[in-house]
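The values are calculated or read from the model by the stated rules, or taken from the named source; none is laboratory data. Source: prediction; values computed, not measured. As a convention, Cβ positions derive from the backbone with ideal geometry for all residues, glycine included, and neighbour counts pool all protein chains shown. In case anyone asks, the SASA skips ligands and DNA or RNA and just uses the protein heavy atoms, side chains included. Shrake-Rupley method; radii C 1.70, N 1.55, O 1.52, S 1.80 Å.
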Amino acid sequence: MFRPARWARRRPVAAVLALTALALLLRLVALGARTMHWDEARVAYWTLRYVRGAGFAYRPVIHGPFVPITVAPLFELLGPTAFAARLPVAVLGGLAPLAALLFRRTATSASSALDVGLDDAETVALAALLAVTPSLVYYSRFMRSDVPLAVFALFALGFAVRALATGRRRHVLASGLFVGLAIPTKENVLLYAACALGTAAVAICWPAVVPLLPWHDESEPKTAATAALRSAIGRARAALARHLPAAPLALLVALVPVVFFLAPRGPAGDPTLSAALAGEAGWLALIERATVGTWETFASSFWASSRGHSYPIYAGKLLGYLLVGALPVVVGAGVAFVRELRSPSRPLVVPLFAWGVAAMLGYPLATDIPAPWISLHIAFPLFVPAAVGWIAIVRERAWAVDLPDADTLPDAGTRRRYARYALAALVVLSAVQVPLVVAASSITPPLYVNVLAQSAQPPDDLSSMGAAVDDSADDGGVLFYGEAYYLPNETIDDDPPTAGEQWLGWWLNRLPMAWYVERAGAESSYARDPAALRERESIPPVVFAAPPEADGAASVLDQRGYERTRYELGLYHEQAVVVFVDESRLGDGAADRSVHS
């Protein structure tokens, strides 16, 4: 009889590859079925404008340029669809389980002074967590930069661990490459860098803390702590001396993706990447524009400003998202941390757990909104400890640790029985929670109870609206009606706003409709009130109006045979749009769009 657990232990590499295939399947099936989220529509709109000739440069409002630059050729190849928009993120998320192999203990690392690797079972457990954790699955099916940042950071960390374990400098170069790929994804790569430095400090200092813990039997704890600290500093110096010669080349390797993605393209800036490639601009000027110029743009943006929100509210929401989207990760990491306090055996556990705690404490301060995708960055450092914790539970080590004051506790048999009950509860809870959350968030249409979806996810299927906009492109396009959709003119959004322009807030009200209009290549026009609507010689066949202003538009459009349909644009019914359609002008497909509930 086939036993998956035994097969995975004997063939860990094959098991990781199988879990990677499962991860890709979970992320790619029906990838384009969900309606575009407002954030997806915003980034996809500017990506499509870039494909159609507009310039492109780093704009904090859509975060780093990695996702738009990788999606742009797919729009040209596959067309501007939700599937193409989400494909690069889905593939990166699906390949995340491969990073588990970088943390696997090898014969070289096992004999090294820095034995920081995972055994085969823990490696497979790490790959499994990366494959099926609900929040990672959901946001791998989403055109956002959070998953690319987390995946690149995971590979960078994995290669750094590999370099420490094997002493091979080529892993430092690979780590530098993934650091370079992470930088142009999203601004909170700065928080990753700060946490990584703190994690390194914890890794050096933790061995000195262990002898001072009250349950460790040390006759001279201060002496033992001093010796442990000296030993840890000595190992750190040796590792630094070994790998420091590779650092300059690693920085150059990291600079390649940084310049490639952050350099301006087209008429968006000077100098541009194309000008440098053609020999019309200097490379040093381009590098300065991609690095110093990017930093100056970020430093003057909203993301670098102070926050004035309630810390407890933000922290509570992010903790809730973390538990809903990554409960097995939190449970496993907690078990590993407690075990490490009692009997240290995995040098990675405590430093990475400290990273997770720092992220949980820091993100409520740093973020502008308590969005569910932030929980990905809190869970990221906990995956490796979680793999250690779950394997410890399975091997019945979680309750085998000697506890202080054992005479005041139940006997060993009773403790083992209670621990089995706790294990069964954790396994059942995780086994039920993972498929339920994956199904409720990533497979079914957006539901009110889908905590991971965020409020700007339209719960309605907008395909009929999108089809109407597609058909309108040959007969006048669309019209935005009312104060809610005002823009100074209808061509101002052909290019992203510059630093001195203030129209972006108005334009955001047009999402996600603006994406469907640009996708169709339809013309857009505007009318402020019923009088302006009546004065038009011809009204486009599709008219968008905010619900409070829809009756004003209806006073003109109802007489002309337009049919109105309301679409909910927010998961919690916070936003909506009323779409007026003249079906007689939209061809044979009109009958298929006439009914919407």
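Assorted remarks:
- When the test is whether a residue is in contact with a Pro (Cβ under 7 Å, 6 or more places away or on another chain), surrounded by 13 or more Cβ atoms within 10 Å (Cβ to Cβ) and not β-branched (Val, Ile, Thr), residue 265 does not pass it.
- Any hit, segment 147-161, residues being open to solvent by 20 Å² or more (accessible area, probe 1.4 Å), touching a Pro at 6+ places or on another chain (Cβ under 7 Å), in contact (Cβ under 8 Å) with a residue 24 or more places away in the chain and not β-branched (Val, Ile, Thr): no
- Listed by position, the helices (runs of 4 or more DSSP H) inside segment 453-547 whose residues that are under 31 Å from the mean Cα position of the chain (by Cα) number at least 3 are 463-472, 504-508, 513-520.
- When residue 122 is tested against (1) surrounded by 20 or more Cβ atoms within 10 Å (Cβ to Cβ); (2) modelled with pLDDT of 95 or more; (3) not aliphatic (A, V, I, L, M), just one condition goes unmet, and that condition is (2).
- Comparison of 210, 172 shows that the only residue that is touching a Phe, Trp or Tyr at 6+ places or on another chain (Cβ under 9 Å) and in contact (Cβ under 8 Å) with a residue 40 or more places away in the chain is 172.
- Segment 210-226 - residue that is modelled with pLDDT of 80 or more and open to solvent by 60 Å² or more (accessible area, probe 1.4 Å) and, of those, nearest to the chain's Cα centre (by Cα): 212
- Residue match in segment 102-117 (condition: surrounded by fewer than 22 Cβ atoms within 10 Å (Cβ to Cβ) and among the acidic types (Asp, Glu)): yes
- In the set (1) without any contact (Cβ under 8 Å) to a residue 24 or more places away in the chain; (2) open to solvent by 30 Å² or more (accessible area, probe 1.4 Å), residue 59 fails one condition alone, (1).
- When residue 471 is tested against the conditions (1) open to solvent by 30 Å² or more (accessible area, probe 1.4 Å); (2) in contact with a Ser or Thr (Cβ under 8 Å, 6 or more places away or on another chain), the lone failure is (2).
- Of residues in segment 20-33 being assigned to a loop (DSSP other than H, G, I, E, B) and open to solvent by 10 Å² or more (accessible area, probe 1.4 Å), the one farthest from residue 90 (Cα to Cα): 33
- Options 310, 300, 231: the member that is among the polar types (S, T, N, Q) and open to solvent by 60 Å² or more (accessible area, probe 1.4 Å): 300
Every residue, every condition in (1) surrounded by fewer than 24 Cβ atoms within 10 Å (Cβ to Cβ); (2) of a type in the set (D, E, K, R); (3) in a helix (DSSP H, G or I), yes or no:
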position: 75; (1), (2), (3): yes, no, yes
position: 95; (1), (2), (3): yes, no, yes
position: 99; (1), (2), (3): no, no, yes
position: 126; (1), (2), (3): no, no, yes
position: 131; (1), (2), (3): no, no, yes
position: 142; (1), (2), (3): no, no, no
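- Test: residue in segment 336-354 that is assigned to a loop (DSSP other than H, G, I, E, B), open to solvent by 40 Å² or more (accessible area, probe 1.4 Å) and among the basic types (Lys, Arg): no
- Restricting attention to segment 355-382, the residues that are more than 20 Å from residue 453 (Cα to Cα) and surrounded by 22 or more Cβ atoms within 10 Å (Cβ to Cβ) add up to 5.
- Within segment 82-113, the set of residues being at pLDDT below 95 and β-branched (Val, Ile, Thr) comprises 106, 108.
- Checking residue 580 against (1) touching a Lys or Arg at 6+ places or on another chain (Cβ under 7 Å); (2) modelled with pLDDT under 95, the condition it does not meet: (2)
- Which listed residue is of a type in the set (Ser, Thr, Tyr) and either in contact with a Leu (Cβ under 6 Å, 6 or more places away or on another chain) or surrounded by fewer than 19 Cβ atoms within 10 Å (Cβ to Cβ) (or both), from 516, 572: 572
Residues are listed down the side, and each one gets a yes or a no for (1) in a loop (DSSP other than H, G, I, E, B); (2) touching a strand residue (DSSP E or B) at 6+ places or on another chain (Cβ under 8 Å); (3) closer than 21 Å to residue 513 by Cα; (4) at pLDDT below 95:
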site: 35; (1), (2), (3), (4): yes, no, yes, yes
site: 41; (1), (2), (3), (4): no, no, yes, yes
site: 45; (1), (2), (3), (4): no, no, yes, yes
site: 71; (1), (2), (3), (4): no, no, yes, no
